[in-house]
1. Mind putting together the pair-distance distribution for the chain? All Cα pairs, 5 Å bins, whole percent per bin, short to long.
2. Arrange the following residues from fewest to most other Cβ atoms within 10 Å of their Cβ: Leu63, Leu43.
3. How high is the FRET efficiency from Lys44 to Arg106, r the C-beta distance, R0 35 Å, rounded to 0.05?
Amino acid sequence: MPIAHSVVSGMGGMRTAGDLVARMQFTRKMRISEAKTYVADKLKVSTHDLSDTAVMRELREELGFGVVLGIPGDPKGMEAKERISEVLDIPVNCVDRVRRRAQERRS
């Protein structure tokens, strides 16, 4: 895990797609090259674009994934995680927990 974290941190974390690639490595046990390819395919960009701060800033804002220096009104926190979960088609524990609790309250 420390190696995966250091490699992904080197991608820029939320400044680029490092956090998204890390999610794929941890949730689907993918190697970094597989994870990059999966994320790039889901985002419809090249694997090279994943580490381009300009491309990813614009794309993260457009998709509602959250950015380091947030813009008022744009998705943050749980809302951004929910968007990531939908687009990458992966479970995010805290998002799933909130959904379950909301359904329980409605019942």
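1. 2, 13, 23, 23, 20, 10, 5, 3, 1, 0
2. Neighbour counts put them in this order, fewest first: Leu63, Leu43.
3. That gives a FRET efficiency of 0.50.
Here, each number is a calculation from the coordinates, and none is a lab measurement. It should be emphasised that the depicted structure is a prediction, and the values quoted were computed from it without experimental measurement. Quick reminder, even Gly has a Cβ in these numbers, built from the backbone with ideal geometry, and neighbours come from all protein chains shown.
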